[in-house]
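Here is the structure we will look at.
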């Protein structure tokens, strides 16, 4: 807030309005996505002679898909929070790239419900993976755009931080790609790969923190 | 924040409370509308001998309607963000005009789900168009009201900017009107017109940016 | 922000945290309530030989109930915004009175959907009215609590403003009470009374504005 | 805001970004959870010869489960608001502990709908209790984490306040545990225990306020 003259800042902030509303809107979208996931959990109708306990057992895959999706959406949100902690101004491109990023994230509850109902169907596994890959892709594009426009940031990132950031943002897509590729002949393994993603993520962040060169990036990622 | 005496500003801001809560409320409404669109995507029940892939093919129109509606709602939100970046105070008329603007926008998920289920029915095409036209109309009225009360704005807009703003805000209604008019005898063309709306919008904004006289308006529109 | 010593203010604001989160939470609840009203509008299944236009005609009462409920929830929100524009601090009683006020407001979408499906059933009319009366009642209590604790407000209201405020906040309950009372033998009239409520409200506010003594209260009400 | 040098604060706040977005996101999640509870209330289909009044009588347990769950979610939110009024900075652990706390809270609407449909089934009573116990557990962990890292707080809590805080945060789990334990052989008593929880809570807070040593903790709890 020091470099520009005060009046210039005011004029610029009036036109660009800062990231305030984009963040409020995005937090709202994330809050809704993460919460409507639970709407997939429906009170089961009891079949004849079936106990409630048995009926609830039938929706166990849906419950697991809910928990995994909750954590994955949480990962996207924590990334968004870290990334935009660096952002001072936004322009129309950033607004629309952010909306395009939210589009596949909003589809996660649908993909999760398909997976919850058909957990070993390769089609369900493909959809879940493709949605996550598209979300990751738009996340990388948004990240890349922001890092390429240091005028929008509080502090220009170093070249190294920029490269590492892109690699880290893109990394999950590789795991999802493998899960999609093996879904046809090893659906259970594919499913396990999605389910282990939050664990892989936490392990990966912990690993990065052990090396001083990647420690800061690890903080950003979380 | 300079012209008025400090105590006057405080009194006025206490009574009018600034646009803060209106924006928080509006962002919440937009976040919910854009997210519940996805609730229309439902896990299909498999018919006998039908594969999941085939069943998902059946909901493709619903998916397309979801993506288009997501982008259209996004357009309304980005417009709202730009328009209210100029707003310093609001009065009760602005509050209610804003609520009336949100009313048709809140109906978009319903109109989208009708269109997704009956994509070539002229009635579905009419409803979708009418909802968008009403939303555009209230948007124009809200825009017009704010520009007519420079005391509510940070900076009074020039006469030219005001006229251009109204034209730009009203322009989409013409496209929707054509789509409604032709729905009876050319439903596919009508559908394509809705689907091309986001592209038309981005092309139009890009066009405006090439001319220095309309460049600022293009920024406001996005 | 002038009377207290700076450190005292900080300590007090830390403990009480100001109304910030209460407002964010309340705006979120209102945004969701006003938006999920539209979920009652469902794509009709076509009966045999029935056109989409006819099927949509069947859900017209639901649509009318949606519009009325949207405006009524909007009235509660605009009241909340005006009332809390005066609030500087909140305590635990205010937090819980606010939650109790939100409870019946959250039931409005349910009451609206019952009314939309059974628009001339006296039971549906009773439920709709009782929910609105309870919401109005808690609104009066919350209003009364805040006005009774001037330490929570930016400015202590005059005795006259306090009395007028209570009367105005309670007034709609009378209309709802009449609508409930006549529901058994004149359901259509009862329905019309609910539907005319937003018009009555706007007319009433306009009336208050003509008299200088009630002008400020009219501003607060809107 | 006084101890650190100004530039250090800026750098730290950029990286940690303060609790702002976490609170916005959390308020959004709570607002949605508390509001979608009402979606469990569905307009009943009338059986042959059944009046609307009778049909609504059938969903009375669902309504009671809605009110109780609304108050319980409100209790978690008021706790969150009090706890984070002390928080100045957050780190990635706090972000993830907060997400893990929100996970079981998001399941409350599902547990409430199972309980509403099968109010005297021990399985439904078990699920409701386990969800509340897990939510309370994560709340205790989050609380414990924040109190253990005074660098994240505005003011380091006294050792006594810390211990009392943990006990108070954990206390509801005991009640829920009893309700779960007796669900098999005394389902009605178990149900009553859940239903009396809000009353127990308010009584407990009132009790704490009578003793000067626990008065401040009572304020925090509410």
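The values are calculated or read from the model by the stated rules, or taken from the named source; none is laboratory data. What you are looking at is a predicted structure, and each value in this text was computed from that prediction instead of being measured. Ideal geometry is used to build each Cβ from the backbone, glycine not excepted, and the neighbour counts take in all protein chains shown.
Yes or no: segment C:32-40 includes at least one residue that is more than 9 Å from every other protein chain (Cβ to nearest Cβ), buried (at least 22 other Cβ atoms within 10 Å of the Cβ) and closer than 30 Å to residue D:85 by Cβ.
Step one: filter segment C:32-40 for residues more than 9 Å from every other protein chain (Cβ to nearest Cβ), giving none.
Scanning segment C:32-40 turns up no residue that is more than 9 Å from every other protein chain (Cβ to nearest Cβ), buried (at least 22 other Cβ atoms within 10 Å of the Cβ) and closer than 30 Å to residue D:85 by Cβ.
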Note to self: Every residue in segment C:142-153 that is surrounded by 15 or more Cβ atoms within 10 Å (Cβ to Cβ) and either in a helix (DSSP H, G or I) or in contact with a strand residue (DSSP E or B) (Cβ under 8 Å, 6 or more places away or on another chain) (or both), please.
What the structure shows: C:142, C:143, C:144, C:145, C:146, C:147, C:152, C:153
Checklist line | Given (1) in contact with a strand residue (DSSP E or B) (Cβ under 8 Å, 6 or more places away or on another chain); (2) crowded, with 23+ Cβ neighbours inside 10 Å, index of the condition residue D:127 fails | finding: (1)
Next item on the list: Kindly indicate whether residue C:112 is surrounded by 23 or more Cβ atoms within 10 Å (Cβ to Cβ), within 28 Å of residue C:194 (Cβ to Cβ) and over 18 Å from the mean Cα position of the chain (by Cα).
Entry: no
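Does residue C:56 fit the bill of being within 27 Å of residue C:199 (Cα to Cα) and modelled with pLDDT of 90 or more? Spell out how you get there, then give the answer.
On the way: within 27 Å of residue C:199 (Cα to Cα): yes; modelled with pLDDT of 90 or more: no.
Here the answer is no, as residue C:56 does not meet what is asked.
Those residues that are farther than 17 Å from residue B:141 by Cα and surrounded by fewer than 15 Cβ atoms within 10 Å (Cβ to Cβ), I need them from segment B:156-176; list them, please.
From segment B:156-176, those farther than 17 Å from residue B:141 by Cα are B:156, B:158, B:160, B:175-176; that's our starting set.
Listed by number, the residues that qualify are B:156, B:158, B:160.
Could we say that residue A:99 is touching a helix residue (DSSP H, G or I) at 6+ places or on another chain (Cβ under 6 Å), farther than 16 Å from residue A:21 by Cβ and within 10 Å of another protein chain (Cβ to nearest Cβ) here? Full working, then the answer.
On the way: touching a helix residue (DSSP H, G or I) at 6+ places or on another chain (Cβ under 6 Å): yes; farther than 16 Å from residue A:21 by Cβ: no; within 10 Å of another protein chain (Cβ to nearest Cβ): yes.
Considered against the rule, which asks whether it is touching a helix residue (DSSP H, G or I) at 6+ places or on another chain (Cβ under 6 Å), farther than 16 Å from residue A:21 by Cβ and within 10 Å of another protein chain (Cβ to nearest Cβ), residue A:99 comes out as no.
Does residue B:24 meet the test of being at pLDDT 90 or above and either facing chain A (nearest Cβ under 9 Å) or under 19 Å from residue A:28 (Cα atoms) (or both)?
Details: at pLDDT 90 or above: yes; either facing chain A (nearest Cβ under 9 Å) or under 19 Å from residue A:28 (Cα atoms) (or both): yes.
It is true that residue B:24 is at pLDDT 90 or above and either facing chain A (nearest Cβ under 9 Å) or under 19 Å from residue A:28 (Cα atoms) (or both).
Filter segment C:162-190 down to residues that are in contact (Cβ under 8 Å) with a residue 40 or more places away in the chain and in contact with a helix residue (DSSP H, G or I) (Cβ under 8 Å, 6 or more places away or on another chain), then give me how many there are. Break it down into steps so the answer makes sense when it comes.
First pass over segment C:162-190, keeping only residues in contact (Cβ under 8 Å) with a residue 40 or more places away in the chain: C:164-165, C:168-169, C:172-173, C:176-177, C:179-180, C:183-184, C:187-188, C:190.
Right, trim to in contact with a helix residue (DSSP H, G or I) (Cβ under 8 Å, 6 or more places away or on another chain) and you get C:164-165, C:168-169, C:172-173, C:176-177, C:179-180, C:183-184, C:187, C:190.
Number of matching residues: 14.
May I ask you to list the residues in segment D:115-124 that are surrounded by fewer than 22 Cβ atoms within 10 Å (Cβ to Cβ) and assigned to a helix (DSSP H, G or I)? Outline the logic, then answer.
Step one: of segment D:115-124, the residues surrounded by fewer than 22 Cβ atoms within 10 Å (Cβ to Cβ) are D:117-123.
Result: D:117, D:122, D:123.
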Next item on the list: For segment B:177-188, state whether one or more residues are surrounded by 14 or more Cβ atoms within 10 Å (Cβ to Cβ) and not in a helix (DSSP H, G or I).
Entry: yes
Item checked: Condition check for residue D:201: at pLDDT 80 or above, crowded, with 18+ Cβ neighbours inside 10 Å, under 16 Å from residue D:82 (Cβ atoms) and under 15 Å from the mean Cα position of the chain (by Cα) -> yes
Notebook entry, point to check: Checking residue A:34 against (1) part of a helix (DSSP H, G or I); (2) farther than 23 Å from residue C:28 by Cα; (3) in contact with a helix residue (DSSP H, G or I) (Cβ under 6 Å, 6 or more places away or on another chain), which single condition isn't satisfied?
Noted result: (2)
Checklist line | Residue pairs meeting the criteria (Cβ under 6 Å; at least 6 apart or on separate chains; first facing chain A (nearest Cβ under 7 Å), in segment D:110-127; second surrounded by fewer than 24 Cβ atoms within 10 Å (Cβ to Cβ) and not in a helix (DSSP H, G or I)) | finding: D:110/A:41; D:113/A:43; D:114/A:43; D:117/A:43; D:124/D:118
Checklist line | Conditions (1) more than 7 Å from every other protein chain (Cβ to nearest Cβ); (2) free of Cβ contacts under 8 Å to residues at least 24 places away in the same chain; (3) surrounded by fewer than 21 Cβ atoms within 10 Å (Cβ to Cβ); (4) farther than 19 Å from residue C:33 by Cα; number of the one not met by residue D:89 | finding: (2)
Item checked: Any hit, segment C:154-170, residues being at pLDDT below 90, more than 14 Å from chain D (Cβ to nearest Cβ), closer than 24 Å to residue C:30 by Cα and within 12 Å of the chain's Cα centre (by Cα) -> yes
Check: In the set B:157, B:198, which member is touching a helix residue (DSSP H, G or I) at 6+ places or on another chain (Cβ under 7 Å), closer than 18 Å to residue B:79 by Cα and outside any helix (DSSP H, G or I)?
Finding: B:157
Notebook entry, point to check: Got a number for residues in segment A:41-81 being without any contact (Cβ under 8 Å) to a residue 60 or more places away in the chain and either at the interface with chain D (Cβ under 9 Å from one of its Cβ atoms) or assigned to a helix (DSSP H, G or I) (or both)?
Noted result: 27
Next item on the list: Evaluate segment C:14-21: report whether one residue or more is modelled with pLDDT of 90 or more, buried (at least 22 other Cβ atoms within 10 Å of the Cβ), within 30 Å of the chain's Cα centre (by Cα) and under 26 Å from residue B:105 (Cα atoms).
Entry: no
